[in-house]
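**Student:** To start, I am sharing the structure in question, which I have written as structure tokens.
The values are calculated or read from the model by the stated rules, or taken from the named source; none is laboratory data. As the structure is a computational prediction, the values presented were derived from the model and not from experiment. All Cβ positions, glycine included, derive from the backbone under ideal geometry; neighbour counts span all protein chains shown. All accessible areas refer to the heavy atoms of the entire protein, side chains included, with ligands and DNA or RNA removed. Shrake-Rupley method; radii C 1.70, N 1.55, O 1.52, S 1.80 Å.
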Amino acid sequence: MVAFGVSGRNLTHNVRSRTVESYGVTGTANDATVMQTAINHAAANNILLTAQRDSYTLAAGVTIPDNFRCDFGNAWIKRSTASAAAFDLWTNADHAVGNDGLDIRNVRFDGQRQANSLTNANAAHRFCGLRLVKCAGIVDNVRADNTVNGEIQAEGNRAGIIFEESQNIVATRLFASGTMGSGVFVIAGKNHITGVWTDDNTGSGFTSSDAADNDFHHIYSDGSGYSGVSINGARIRASWLFGKNAASGFAGVNIGHDGAGQGCEDAMVDNVVSEGALGWGIVLKNSPRIVGRNWRATGATNNL
């Protein structure tokens, strides 16, 4: 497993802030109620929410309203293993319209799926660490480990971190490890994502679906069960895609799939590397007029 040791950025200098603990007692078997109160009040009053503890336990999901800002200093948000209940740990409050003004930094999520033997063969077990639907804002240095989800939309829109139909999400430094399914998943929308590191996920480390006009840069996957990096969507601008040790029958890097919205027509894709794939090195499908350079595949059972 890759050791992710990224330092959190401190946003509290000269900013009005309060800790989660100022809203109630934490460190209990279920910190969800206190955390929800803290999030709602902070968002409504232009307060930056910070964390005093190293970890919090949730026995229910927490929702994020408009204008929520946080810097949790790399604190962990952990799913309670007291029962096998599955729920998105954090998701935005309004999936129909979306939520704006988000600024989420330095948060780590742990689904602890292994403790309850959760499996994506059971649709009710699928959940995200962070799920943002139709949102806009900033996401920086967020990690989601050990969640359970499908690999494709037909299996349910879930991933360690997922952006669905979100507009103007600027995401940097995303991490996913030990996820049953996709580590980071982008569905439609128009976003700018830079710096994704994933390892040991049973689906793709990073995948997109119908993600026209998105920007994806510096994406890394090691040891996926599907293709390590899989991008799909017209006019994508992508660079520095790296897939290592992908599973048999899949590719280190997959660019385009068959089906409406799944090609990468008119895309620009530079600096693609695949190493040690048990299937193909780099696969290109359904992507007319794509422009690319510096593609390299080594050590695959099948290369380009």
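**Student:** Is there a residue being of a type in the set (Phe, Trp, Tyr) and at pLDDT 95 or above anywhere in region 225-235?
**Tutor:** No, region 225-235 contains no residue that is of a type in the set (Phe, Trp, Tyr) and at pLDDT 95 or above.
**Student:** Give all pairs with beta carbons closer than 7 Å in which a residue from region 60-80 that is in contact (Cβ under 8 Å) with a residue 12 or more places away in the chain and among the acidic types (Asp, Glu) meets a residue that is assigned to a strand (DSSP E or B) and open to solvent by less than 10 Å² (accessible area, probe 1.4 Å); count only pairs at least 6 apart in sequence or on separate chains.
**Tutor:** Sorted first by the residue in region 60-80, then by its partner, the pairs are Asp71/Leu48; Asp71/Asn106.
**Student:** Name the strands (runs of 3 or more DSSP E) wholly within region 191-304 that hold at least 3 residues that are surrounded by 20 or more Cβ atoms within 10 Å (Cβ to Cβ) and at negative phi?
**Tutor:** By residue number, 206-209, 215-222, 229-231, 237-244, 251-255, 268-275, 280-284.
**Student:** Is there any pair with a first residue in region 215-240 that is within 17 Å of Arg173 (Cβ to Cβ) and without any contact (Cβ under 8 Å) to a residue 40 or more places away in the chain and a second that is among the polar types (S, T, N, Q) and outside any strand (DSSP E or B) whose Cβ atoms are under 8 Å apart and which are 6 or more apart or on different chains, and what are they?
**Tutor:** Close Cβ pairs satisfying both conditions: Ser221/Asn201; Ser221/Ser204; Val229/Ser204.
**Student:** Testing Asn99 on (1) open to solvent by 20 Å² or more (accessible area, probe 1.4 Å); (2) of a type outside the set (Lys, Arg); (3) closer than 30 Å to Asn46 by Cα; (4) more than 15 Å from the chain's Cα centre (by Cα), one condition comes back false. Which one is that?
**Tutor:** Asn99 satisfies every listed condition except (1).
**Student:** Filter region 37-53 down to the residues that are within 24 Å of the chain's Cα centre (by Cα), part of a loop (DSSP other than H, G, I, E, B) and within 10 Å of Arg18 (Cα to Cα) and list them by number.
**Tutor:** Ala51
**Student:** Could you list, in sequence order, all residues of region 92-115 that are of a type outside the set (A, V, I, L, M) and part of a strand (DSSP E or B)?
**Tutor:** Matches in region 92-115: Asn92, Asp103, Arg105, Asn106, Arg108, Phe109, Asp110.
**Student:** Farther than 16 Å from Ala75 by Cβ and open to solvent by less than 70 Å² (accessible area, probe 1.4 Å), is that true of Asn40?
**Tutor:** no
**Student:** For region 137-173, which residues satisfy the criterion of being open to solvent by less than 20 Å² (accessible area, probe 1.4 Å) and more than 16 Å from Ser208 (Cβ to Cβ)?
**Tutor:** Scanning region 137-173 gives Gly137, Asp140, Asn141, Val142, Ala144, Asp145, Thr147, Val148.
**Student:** Still on this model: Would you please list the contacts, defined by Cβ atoms under 7 Å and residues six or more apart or on different chains, that run from a residue in region 260-274 that is modelled with pLDDT of 95 or more to a residue that is aromatic (Phe, Trp, Tyr)?
**Tutor:** If the second residue must be aromatic (Phe, Trp, Tyr), the pairs left are Asn271/Trp240; Val272/Trp295; Val273/Phe242.
**Student:** Pick from Leu118, Leu132: which is open to solvent by less than 10 Å² (accessible area, probe 1.4 Å), part of a loop (DSSP other than H, G, I, E, B) and touching a strand residue (DSSP E or B) at 6+ places or on another chain (Cβ under 7 Å)?
**Tutor:** When all the criteria are applied, what remains is Leu118.
**Student:** Any residue in region 125-137 that's among the aromatic types (Phe, Trp, Tyr): show its pairings with residues that are open to solvent by 10 Å² or more (accessible area, probe 1.4 Å) and assigned to a loop (DSSP other than H, G, I, E, B) at Cβ separation under 8 Å, as long as the two are six or more apart or on different chains.
**Tutor:** Phe127/Ala86; Phe127/Phe87; Phe127/Asp88; Phe127/Arg158
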